[in-house]
């Protein structure tokens, strides 16, 4: 199988999934930190207020993507 040297085929090419998993802007680490702190504080607050377990877990669930975004940023910077 040979590859042609030239421009890519016409049509819109879909971005690779790894592009979305590697945040490159410092804004993304700020977003991740805000999500992490907000999810943690909101979960503790809802637990102190006596909300239902699903509400508490849902608010704590905001924390998980926030941590993933923050860690993804630093891993991407280490790879550079």
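Throughout, read-outs are computed from the coordinates displayed, never taken from laboratory work. These figures come from a predicted structure and were not determined experimentally. A quick note on method: Cβ atoms are made from the backbone with ideal geometry, for glycine too, and the neighbour counts reach across all protein chains shown.
What order do you get for 61-69, 42-50 when each peptide is scored by the mean count of other beta carbon atoms within 10 Å, highest first?
Order by mean packing, descending: 61-69, 42-50.
What is the gain in length, in nm to one decimal, between residue 55 and residue 67 on full extension, counting 0.36 nm per residue of separation less the C-alpha to C-alpha distance? Walk me through the intermediate numbers first.
On the way: separation 12, 0.36 × 12 = 4.32 nm, distance 1.96 nm.
My answer for the length gained is 2.4 nm.
Over the range 20-79, consider all pairs of different Cα atoms and compute the Kirkwood hydrodynamic radius from their mean reciprocal separation; express it in Å, one decimal.
It works out to 11.9 Å.
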